[in-house]
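Step one of this worksheet: look at the structure below.
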Amino acid sequence: MGAHAHAAHADHGADHQHHHEESFISKFVFTQDHKMIGKQFLVTAILMAWVAVIMSVIFRLQLAWPGEGFAFTNFFLGDKWAPGGVIDPNMYLALVTIHGTIMVFFVLTAGLSGTFANMLIPLQLGARDMASGFINMLSYWFFFTSSVIMLASLFVEGGPASAGWTIYPPLSALPKAIPGSGAGMTLWLVSMALFIASSLMGGLNYVVTILNLRTKGMKMTRMPLTIWAIFFTAVIGILSFPVLLSAALLLLLDRSMHTSFYLSDIHIAGEALENTGGSPILFQHLFWFLGHPEVYIVLLPALGITSEIISTNARKPIFGYRAMIGSIMAIAFLSFLVWGHHMFITGMNPFLGSVFVFTTLLIAIPSAVKVFNYLTTLWRGNIIFTPAMLFSIGLVATFIAGGLTGIILADSALDIMVHDTYFVIAHFHIVMGMSAIFGMFAGIYHWFPKMYGRMMNTKLGYLHFWITFICAFGVFFPMHFIGLAGAPRRYYSYTEFTMFNGVVDLNVLVTIFAITGALAQLIFTGNFFYSVFRGPKSVQNPWKSNTLEWTTPVEHMHGNWPGPLPVVHRWPYDYSKPGKAEDWVSQITPMEPGETEDN
Amino acid sequence: MSKLLILIVVLVGALAVAQVARVYELTSRLRGKREEDISPADNRMNARLMWAFLVAYFAFFIWLIVAYKDKMLPVAASTQGVETDWLMNFNWAILAVMFVVTNVLLFFFAGKYVYSKDRRAFWFPHNNKLELLWTIVPAAVLAVIIIYGLNSWNNITSPASPDAVVVELYAKQFDWTARYPGQDGRMGATDYRLINGDNPLGIVTAKSIATRLAEIDTEIAEEEARLQGVLPDDKVAEIEDHIGYLGRMASRIVNLRVVMEQDIKENGEASTYLHGADDVVTKDFVLPVHKEVDILIRARDVIHSAYMPHLRIQMNAVPGMTTHMKVTPTITTDSMRTHVMHDEAFDFILLCNKICGASHFNMQMPLTVVTASEFTAWVAEANKKPFEPAGTQPGGNGYFAGQYR
């Protein structure tokens, strides 16, 4: 039955490709081709990332030189929100909110999963396309619409949502508490509802495709780790995003329909509200039930990409393939049992806190396994420093630095002291932000030839990596110290407290690194778009990689392979296998007599 | 005009980068080099940069520690804080080892095993013993961290003893108010519907209920008077809505009065409704040294967080519920000033650490820790003073003081 289905699918794909010339609209806009959809996600994410980066530069300027006017700030915010170039405190909170929202959801969730899941699942598994091209297309257009609404929310009267990316009610429910909780917040919720729909459609498609459309010989245990990571990412997303949707819907009801899910005993602007019996903490439980798995939705694809790239460029099999799968599985499972560590000091029962301490610290074990496996893969490798490889090594470094501080934050007794301080900002930007974005950059540099049939400039890639890498630590490392000095996050300025005077100069240092790091992304963006159109033509398999995507022709075509689908004979990591002439063996190369599959 | 200029500069910059890339590509194509071939020189350069980065990374880390060691929080001023600090240092000691070992291995390997045509990578797909080793070792280390961590967590979060001093912290946008029990040693019940200018915490007493009901009656009368005038339809609807709201508020407060009377009838002197009248509501936050204090935390409007970094304690203030935090201060403000900070202006600070609105960054209150006898004297004195709603506000550096309050 399975073989029959494969054959039918293969035939369909093979004759499909000869038909009809496609119009511009069906090829580039409402396309159902997974490769084009992947590229749509990527380009949209790059544009969204720039919006979020510019926001971060604006608030970094305010943090380094509070109260000083900047033409840059005024240029983007205008006289309403930045009179004289000094940002308004409400707008400051709005920017940190939207910066977080865009980066976490639009760039590192949709941008990362959307791009690489769509690109790689059919190509690395030997499928003609995703299980449902139509749902895949819808997934992108829901995401696109959601992005447009999120950007539109920047222009409403009271400003965009300003209650932090975690939008805790009552702040997010009461326009009287903060102007951003008016129309801006409504648009935020609508945008996120569409986003969640998009990510569910994408996720279901990924899972179904991975389970059903693997080519002959592509056993689960022969899948590249990218696919394993994307698989578990999709499963996590499918199970947790609906919970965020319900949290958002209840919030919408509280805001517009006078319900009291999250509101109780509130007296604001001189008036007692009629809401009683609700609990703001309920929202936090629902939010973090997605919110924490979200961290792994962001991180796992990056780790999968890195596994693939480190193995390829170290010319060495990934160490402990099965342990890597096991650790992804363990992380995915545990990610659902740890959300309470964001809520140690909400008044939650301390015993419940203890349980979350235990489960959270358990995650450090599979994480440690992953790090040591990366290190062992590099050990006695034959390392080629492509820009993708550099970013992958960078990811391991940020994963180590951020993972270790996570142990401090998971320890509830210590969290009391550093909760919501800059220590937290430092931690999650390094472990989630930097690691995931490094994984994304690595993936872009590595699979660019596959996406566009052209090469990105390597020298500019080096320049981009080293500046970004140095700035990543320059920006986020000092923040640990600012946090340990007791400085809270989401403060418009620290000038109201003499106790922070000792660390204010660190804020200047951080901002200088942040601006430099932001400028380095110009190098990337320029390199990217220039190479899309003018980069040198790529060969079929530039990195001498084993996986199936490099057996497709350089020119994209519907159905991916011109002839029948490739048949897989081995795992993807036969690099430098003893007894082989080359230091790589494609997955489609049949096993020699007596050769063992060594995974 | 200046915006146009900036745009032009950006565009020219992008063009310049593109041109440089183009020239570079053309020359390398002339040399017959393909973009995916990483030259030995490039590989070597990156390998050396890996080592250089390792050194710079650690140097930066050490510089930060040396330069900012003294600018971190001073010695913990509570028994809970002393425990936290010990646990923190214990964790840092373990993490520092892991940090150094893993980073040295990562950057050392990355720099050392640089590509060579004449060499092949070592075939090493897996090794069960090694994998078991780095599953068990982290598990064991984490077990130690968890055990010590949970031990401290239980100590810090266990309920305060019944004879602890009780203080209430009340948060609203954007300031804090403290409440102490009066002469009777107990705090009275509160209800947010009773909040007004004279009763910022909504303390329930027969008097506060009567006052609030009278206020609402006046308001309803005013609104009804407005309805007599000639008004557009939507305005009429708005006023009628408001009257409806005020009526419902009044009936809830009447209900509250029934509940109060019932409770007093059942419990007599023990009823919490009898203990509010003499509560001390104040903008001064004073704690006794070496005494366990049970801090009750409430919020009026949105979530706030009561964070006292010098005491290493923090707890959210959540509308609709009361949270607790226990603390035993160990150093008075005076000894902090003279013996620790050598700064006569030093104050312990209570600050808000949960985003709460525009002036979140300036929602603070100084905390004064005094000796037990000074505390008794202060409470007695405070009992005599009526609450001043416009009490002293903390100044900080005075940079934005008052601007967004």
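Bear in mind these aren't lab numbers, they're just calculated from the coordinates by the rules spelled out. Keep in mind it's a predicted model, so treat the numbers as computed, not measured. Glycine also receives a Cβ, built like all others from the backbone with ideal geometry; neighbour counts cover every protein chain displayed.
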Counting alpha carbon pairs within less than 8 Å and at least 6 residues apart, what relative contact order, in whole percent, applies to region B:188-278?
38
Just to be sure I follow the definition: excluding the sites themselves, where is the longest run in chain A that has none of the GluC sites (Glu not before Pro) in a DSSP loop with at most 14 other Cβ atoms within 10 Å?
A:275-554
Angle in degrees between helix A:183-212 and the longest Cα principal axis of chain A, rounded to the nearest 10:
20
Test of understanding: ordering A:Ser26, A:Ser198, A:Ser56 by Cβ neighbours within 10 Å, fewest first, what list do you get?
A:Ser26, A:Ser56, A:Ser198
Spelling out what I want: for every residue of region A:303-308, take phi, set θ = phi - 60°, compute 6.51 cos²θ - 1.76 cosθ + 1.60 (Karplus), and round to whole Hz; glycine and proline get x.
5, x, 4, 4, 4, 5
Taking the alpha-carbon centroid of each part, what is the distance from region A:551-599 to region A:116-144 in angstrom?
23
Ranked B:Lys354, A:Lys537, B:Lys291, A:Lys577, criterion: other C-beta atoms within 10 Å, fewest first:
A:Lys537, B:Lys291, A:Lys577, B:Lys354
Who wins for biggest fluctuation among B:Val281, B:Val289, B:Val302 in a Gaussian network model of chain B, springs between alpha carbons below 10 Å?
B:Val302
Residue by residue through region A:282-287, the couplings from Karplus 6.51 cos²θ - 1.76 cosθ + 1.60 with θ = phi - 60°, in Hz, x for Gly and Pro, are 4, 4, 4, 4, 5, 4
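Would region B:224-330 count as rounded, prolate or oblate if I go by the C-alpha gyration tensor, calling it rounded below 1.5 in a/c and otherwise prolate when a/b exceeds b/c, oblate otherwise?
Cα axes put region B:224-330 in the oblate bin.
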Taking the beta-carbon count within 10 Å as an exposure proxy, list B:Asp234, A:Asp88, B:Asp343, B:Asp118 from fewest neighbours to most.
B:Asp118, B:Asp234, B:Asp343, A:Asp88
Residues of B:33-40, mean number of Cβ from any other protein chain within 10 Å of their own Cβ, rounded to a whole number?
6
Taking only Cα atoms, what is the 0 to 90° angle, nearest 10, from helix B:128-157's long axis to the longest principal axis of chain B?
20
Taking amide H positions as placed in the peptide plane 1.01 Å from N, state which residues far from A:Arg490 in sequence (5 or more) or on other chains have amide H under 5 Å from it.
none
Rounded to the nearest Å, the spacing of the alpha-carbon centers of region A:381-441 and region B:262-293 is 48
From the backbone phi of region B:268-276, what are the Karplus-calculated ³J(HN,Hα) couplings (6.51 cos²θ - 1.76 cosθ + 1.60, θ = phi - 60°) in whole Hz, Gly and Pro given as x?
x, 4, 6, 5, 5, 6, 9, 10, x
What number, in percent, do you get for the relative contact order of region A:391-499 if the mean sequence gap of Cα pairs under 8 Å and at least 6 apart is divided by its residue count?
39
Could you work out how far helix A:387-410 tilts from the main Cα principal axis of chain A, as a 0 to 90 degree angle to the nearest 10?
40
Three-way shape label, region B:1-158, alpha-carbon gyration tensor, a/c 1.5
oblate
Amide proton proximity set for B:Thr371, modelled H, under 5 Å, gap of 5+
B:Val289
Gap in Å between the Cα centre of region A:445-482 and the Cα centre of region B:166-200?
54
Below 8 Å between Cα atoms, with a sequence gap of 6+, how large is the relative contact order for chain B in percent?
18
Using only the Cα atoms of region B:129-175, build the gyration tensor, take square roots of its eigenvalues as a ≥ b ≥ c, and label the shape rounded, prolate or oblate: rounded if a/c is under 1.5, else prolate if a/b is larger than b/c, else oblate.
oblate
Check A:Asp574: other-chain or 5+ apart residues with amide H under 5 Å from its amide H, H built from backbone geometry?
A:Val585
